[in-house]
Each structure stands twice: as structure tokens, then as C-alpha cells.
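The values are calculated or read from the model by the stated rules, or taken from the named source; none is laboratory data. Bear in mind that the values here come from a model prediction, so they are computed numbers and not experimental data. Glycine gets a Cβ as well: all are built from the backbone with ideal geometry, and neighbour counts include every protein chain shown. Surface accessibility is based on the protein's heavy atoms, side chains included, excluding ligands, DNA and RNA. Shrake-Rupley method; radii C 1.70, N 1.55, O 1.52, S 1.80 Å.
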Amino acid sequence: MKASQFFVSTLKEAPADAEVASHRLMMRAGMIKKLGAGIYTYMPMGLRVIRKVEAIVREEMNRAGAVELSMPVVQPAELWQETGRFDKMGPELLRIKDRHDRDFVVQPTSEEVVTDIARQEIKSYKQLPRNFYQIQTKFRDERRPRFGLMRGREFIMKDAYSFDRDQASAKASYEVMAQAYRRIFDRFGLTYRAVAADSGAIGGDLSEEFQVIAATGEDAIVYCPNSDYAANMEKAQALAPAGLRAAPSQAMAKVATPGKSTCVDVAAYLGLPLESSLKSLVVATDTRDDKGGIVQSQVWLLLVRGDRSMNEVKVGKIPGLADFRFATLPEIDRHFGCEPGYLGPVGLKMPLKIVADREVALMSDWICGANDVDFHLRGVNWGRDLPEPDVVADIRNVVEGDASPDGKGPLAIERGIEIGHVFYLGTKYSQAMQATFLDVNGKPQFMEMGCYGIGITRLPAAAIEQNHDERGIIWPDALAPFTVVLCPISPDRFPAVKAAADQIYADLLAAGVDVILDDRGERPGAMFADWELIGVPHRITLGDRGLKEGQVEYQHRRDTVAASVPVADIVGLIQSRLAA
Ligand SMILES: Nc1ncnc2c1ncn2[C@@H]1O[C@H](COP(=O)(O)OP(=O)(O)O)[C@@H](O)[C@H]1O
Ligand SMILES: [Mg+2]
């Protein structure tokens, strides 16, 4: 490619809304252009990167035995009604109507359509296993689109779906994908971690996220430096607290805590350790009739230690709490006779269910709200001052230093960017959509499914978070929009420079190297600044003086100085650098 025929458009300044390096640098390097919140044009320079991501993903998916198809972006609502997701999914799902007032969705993912294909096409166990994938535009009306391509509303995802005859085979298909993902992210040269994840609303219980390690990552990932334990914050557990609850040593006493409504303030005011206080959270669940009307509501009090934070995903796993919501003020008043800030489990007006975190169940002589504004109780003890909790469960987020659940030492926490996700789905969709096949005995069985996503447009952003400096992007070879840039200095004035540049350009092209020749006639400073910003990893500079001695200059984007290389050796050098 010649730069004069391509489109190079760089900016000195990034727009004010670009908060992270990848967003700033992709904008400045002219890779993306904003059209609306979370909606971007992939400009020629950015599209080349995306195409490279797609090519590697496609190659490895094909190698792993998946077959590519492409499903419509706009999908009729009927299939989504079959699984219930048309109603159940929140405003993230973009719902639109056609001219006949019929409902459609813009696909955020494609389980429904692919399951519909499978139930029509796959009749017999002989046609299984099968894995269909696509690289396709997605739309999710994200509440907080931000960081450019990192969390867009429109984005490109590779989504694959496996179909199997039984669980064992489905798990084998899942493993094949998990392995393919490792190969893919290795080829991109990224530092990443595969972490156990919650399978969430999608169902099933085998799920891993692939997280690119970066300080700006939106996800907290938890791992044990001494073992292979790694999980995301939603899923991570600490080793269960050991030992017995100490016997009560204090009498329960009501103490004035005027204006102190948080655990931190109360503990400080009373001069007691924060770890001896309890944080109360009130939630509720509703029983509904066939028409969706609420028949009955149950209020629950959740208790974690004052210095801990509640993990809502873990709460949702407790039997009966799957669809919990926060309690309303009237519900709180009916049960506690008090407003939030001074709530506690002692002396309730109306019975409710109490869920204590594992740590809380082992505490004695603790502090909690007195259900009386401006008052707390201290020296409170389970069994003596109130009944034992109804449920004891792990409902808190882990913190740095907690014991790893495998007993291999303390947990550490780092930030990550989710670039891929593998899920075992089970029969959730095949049951909802009656996707069956005939087994060896000729009996219909539900297909076992898995789904596997990669954020094609998020991946370059994650790569930049890991690979940049003050001058710009530093692409790993596999992702660079161009692998090599040729920078001739003043080729108009020095015919020898132009001739050598043209020759090396032709030789590199012939060698299959993705090279761009900068023939725009820019001054050296501006030319170097552009390519350093764009992040082309290998640069060859040709000047009249060097050429007179038969030399050109080679510099990797990470090198601080250029090296002189004989003209005759430069193509070989590039080839060996790319092979390494
Ligand atoms: N809003 C988005 N913008 C860019 N990429 C996204 C977005 N949402 C999801 N992705 C990418 O698609 C992959 C698969 O999506 P999925 O696991 O369903 O997303 P999520 O975990 O956000 O629900 C994610 O691992 C991520 O790389
Ligand atoms: Mg995910």
C-alpha cells in the first residue's frame, strides 16, 4: 500500500470524552470516528486492524472444527418470544417495528436464531456434534457506552454455538473452544487470564471469561499467585471461615449514635473495630400469578460484616432469591418500624428471613442498627439476643488477602478487560425452542448447547491498553494495520532515495510483507510522529547519506534508537523479525 493512495488522518489532540488510552489513541490515529454515543465508523486504518483480528479468529475457529455462517442482524421477535427473552431482557435489547407494525430485535447475540436453524437442520445424533459461528454486527443499548470500541452499542462479535448429543460431548466441545481461545489470544500477543465466571441469566454452570490484564479494565479479577485459581469478582470465593463462634462476652446494650448511619461512622463513633459491625440490606421477592400479578411478597434481611461489600450475584444464587429486588420504603417500615440507616435484625415488627454471610454467622458481640433512628445495639449475639439466621451463605465480595478457596495462599486482585467468554448452556434454549434430535434408540432428545463469544472490535482496544507509550500505539505484529512502514526522506530531492524505497517496497510486497510506503512527501518529523502514533511496529528509514554508504535504518517501535542495516539485508532482517 502507498500512503498517498490510502487514507491517513491523524489528530494532535484527542476529544475531551476520551478517558482511556485506547480510546484517545484510536481517535488520534484516525482509526475510528464517532457517529453517536457508542456508535463508531471503523475508518480505513482501524478497519485493517479489525480485519486482522477477524482473520486470526476465523482461522482458529475453522481449525477447531467450527463452521461459519452469518445470521441476520435484524431478527423477527417471534423466536425471541419463544424463549421469553423478548420480554425478559431489559432495555439493552433494541426492539424495533417494521412498516406492518411487527416486532423485531437487533441482535445482541444469536442463540434463538441458531437454535431455530439447528432444530430444522439437525435430525439425528449422526449430525452431531456441530459448531456454528459468525462474525457479525451486534447492538446492545448499553446504559453506559464508553471508552470508544471498548464498550460500544454497535460492535462486532464472533459468536459460536455448539450442539451436542449429551453432556459429556458438550463439555468436550466446550473444552475445544476454551483451547482455541487460548491459541487465538496467544497469537495476538496479549497478556491475559482465563477466569471462572458466573453463568448468569444464560444458565448452565461452566463458564470462563478471557480477560486481558490492564489497569483500566472494568472488571476486577481475582487469582491466587500460587495456584491456577482465577475467577471474576462475581464468582470468586474465599476459603470458608474456620473455627467456632466465640461465646458472648458482653451484654446487649442500646447506644445513642446521633446522625451516624454508616458502619464506618458508627464504629468510629463508638471506638470499636469496623469488623465488629454488621451491614444490613433489605431485599424482597414476589410470588406472581399466571398473569404476572403479584400475589405475595417476602422480605429478606441480608447481613455482611461492616467492612465488606455485598455480592448480588451470590445473593441471587440463594434458593428463593433468584429474582430479588430491593425492598420499598413501606416494606422496610412495616418490618422494621424505622428508616434505612439504623436497621438491624433484633426486635423486628414483622418476621422476615435473615441471610447471614458465613463470616457474620461466626461473629459474637457485634454492633447493628437498633431499628430506632439515631440508635444502635452493641454486644449483640446470635442465639441469645435473636434466633440463629435462617440461611448462612457466602454473599460478600472477596478482598485482596482473603484465603484462596484451594488453600494455596492469599488471593490477589487485578483489573481486566473481558475479550472473550465461553459458556456451557445445557438445554436451556433447546428446551425452550423444542430443538430435539433422534438418539441412537430413535428417541427424541434435547440438544446440549454451548455459546462462545469474542469481542472483535473490543480486542484492539484491549491490546492498546496493554501496548502503548506517550507517542502512541505499539501494535503486536499480528494486529498492526501495517506491519512495516517505509519512510524515505526527501525522495523528491534525491532520486536514489526514491529508487531504493520503491525497490525495497516491491521486495517486501513480493515477500508477502504487509508494508506501507509513505510517499506523501511529509517532513521527517511529521512522518515519524504519524507512524509512531498509528503504532506500526517496524520502520525502515531511507536517507541520501546512509544510502551513499549502502545503508538504511531499521527501528522497532519499542527501540529507542535506529540501527544501520545494509540495503541488501533489510528484507531478510524484516522476515526474520516477523518469523520470531
Ligand atoms: N458493548 C460491548 N462493546 C464491545 N464488545 C462487547 C460489548 N459487549 C460484549 N462485548 C464482547 O463480546 C464478548 C461476548 O459477550 P458477552 O459475554 O455476551 O458480553 P457480556 O459479558 O458483556 O454480557 C465479550 O467477552 C466482549 O468481548
Ligand atoms: Mg461475558
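Observations, loosely collected:
- Residue match in segment 207-215 (condition: more than 16 Å from ligand 1 (Cβ to nearest atom) and open to solvent by less than 40 Å² (accessible area, probe 1.4 Å)): no
- In segment 61-81, residue surrounded by the most Cβ atoms within 10 Å (Cβ to Cβ) [restricted to those that are free of Cβ contacts under 8 Å to residues at least 60 places away in the same chain and of a type outside the set (D, E)]: W80
- When we screen L362, L438 for residues that are open to solvent by 20 Å² or more (accessible area, probe 1.4 Å), farther than 25 Å from P273 by Cβ and not charged (D, E, K, R), the only hit is L438.
- Looking across L321, L281, L270, one residue alone is crowded, with 20+ Cβ neighbours inside 10 Å, out of contact with any Asp or Glu (no Cβ under 8 Å at 6 or more places or on another chain) and not acidic (D, E). It is L321.
- Counting only residues that are away from ligand 2 (no atom under 16 Å from the Cβ), touching a Pro at 6+ places or on another chain (Cβ under 9 Å) and open to solvent by 70 Å² or more (accessible area, probe 1.4 Å), segment 82-110 holds 1 of them.
- Elements of type strands (runs of 3 or more DSSP E) in segment 39-130, at least 3 residues being within 29 Å of A29 (Cβ to Cβ): 39-42
- Conditions (1) within 23 Å of K52 (Cβ to Cβ); (2) free of Cβ contacts under 8 Å to residues at least 60 places away in the same chain; number of the one not met by Q503: (1)
- Evaluating V398 against the criteria (1) open to solvent by less than 30 Å² (accessible area, probe 1.4 Å); (2) outside any strand (DSSP E or B); (3) within 19 Å of S277 (Cβ to Cβ); (4) at pLDDT 95 or above leaves one unmet condition, (3).
- Matching entry among A197, A170 (being within 28 Å of A118 (Cα to Cα), open to solvent by less than 20 Å² (accessible area, probe 1.4 Å) and away from ligand 1 (no atom under 15 Å from the Cβ)): A170
- So E448, is it surrounded by 24 or more Cβ atoms within 10 Å (Cβ to Cβ) and away from ligand 2 (no atom under 16 Å from the Cβ): yes
- So E234, is it assigned to a strand (DSSP E or B), within 13 Å of ligand 2 (Cβ to nearest atom), in contact (Cβ under 8 Å) with a residue 60 or more places away in the chain and open to solvent by 30 Å² or more (accessible area, probe 1.4 Å): no
- Output for segment 410-427, where each listed residue is away from ligand 2 (no atom under 14 Å from the Cβ) and within 28 Å of P460 (Cβ to Cβ): A412, I413, E414, R415
- Segment 132-141: number of residues that are within 16 Å of ligand 2 (Cβ to nearest atom) and open to solvent by 30 Å² or more (accessible area, probe 1.4 Å): 1
- Residue satisfying condition, being surrounded by 18 or more Cβ atoms within 10 Å (Cβ to Cβ) and within 16 Å of ligand 1 (Cβ to nearest atom), within set E218, E154: E154
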